[in-house]
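The next block holds one structure in the form of structure tokens; read it before the comments.
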Amino acid sequence: MSKALKALSCAFGLALCLQGTARAQLEQITFTGTVEASTNNGAFASLTDLAGASFTASFVFNTSIGAFANSGVIEYSGGSSVGTTSPIVSTSLTIGGITVTPGGGFDGYVSNSNGNEIAAGAEGNPPFTVLTMSINTPNLPFTLTGPLSYTVNPKTDSSIGQFETYSGGSPDTLTELLYLYPSTVTIAGAVPEPQTYALMLAGLGFVGAVVRRRKLRQP
């Protein structure tokens with residue numbers, strides 16, 4: 001095997017190993033549904049009629065942080081509010097082409113209780129922005145590491161979501177409140193970490209350099 005091919009194999013092997021590590025750590029849970037009602041003076045104020053609008057809420061969380069499993073509960077939780085690291089890596093809420101990113105460093109959690117409830121919540125640092133989602137049903141598998149895809153059955157299930165923003169002043173007043181009805185939940189599986197892609201690109205760059213040097217040496 002040529003040096004270039006060996007280098008290429010090593011580069012991809014290393015990237016795949018690290019991607020496997022990423023798969024063991026990062027998961028993404030996504031809720032979709034409709035807005036039920038709103039008191040709106042914040043990020044979505046330009047959308048004049050939010051009732052009935054579709055939304056997508058996403059939580060990326062790290063399964064190596066704040067893990068708890070006991071008595072039929074799987075949970076990842078934490079945040080600066082309790083002096084720990086939040087498992088929430090990123091969050092987003094999209095409505096009508098507008099996306100907000102509440103964060104989750106102050107407080108964050110993702111949980112599954114006996115396969116009957118799956119919930120996620122994130123609260124950013126001051127000024128606070130809060131996003132919470134919950135689906136209750138007897139039909140969920142007992143997992144948080146996917147793959148999972150479930151559509152709410154209005155006859156047997158219940159679900160609720162909420163988005164809040166606060167002024168961050170004194171007093172800290174509520175400036176935006178959306179009541180959300182999540183109708184689907186999915187866990188697509190692992191989310192590769194950025195360094196996985198960076199190492200793959202670095203490996204390919206190294207292979208390119210080796211190939212160029214070999215060509216220069218040829219008569």
### Task
Return the long-range amide H neighbours of Gly78 (sequence gap of 5 or more, or a different chain), with a cut-off of under 5 Å between placed amide H atoms.
Gly108
### Task
Quote the relative contact order of segment 26-191 in percent (integer), defining contacts as alpha-carbon pairs under 8 Å separated by 6+ residues.
25
### Query
About its Cα centre, what dipole magnitude does segment 26-191 give when the only charges are +1 on Lys and Arg Cβ and -1 on Asp and Glu Cβ, stated in debye to the nearest 20?
260
### Message
Rounded, prolate or oblate, given the Cα gyration tensor of segment 26-191, with a/c below 1.5 counting as rounded?
### Response
oblate
### Summary
Scalar couplings 3J(HN,Hα) for segment 76-85 by Karplus 6.51 cos²θ - 1.76 cosθ + 1.60 (θ = phi - 60°), nearest whole Hz, x for Gly and Pro, are 10, 8, x, x, 5, 5, 10, x, 10, 8
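We did not get these values from a lab; they are worked out from the coordinates using the rules stated. In this text, all values refer to a predicted model and were calculated from it rather than measured experimentally. Quick reminder, even Gly has a Cβ in these numbers, built from the backbone with ideal geometry, and neighbours come from all protein chains shown.
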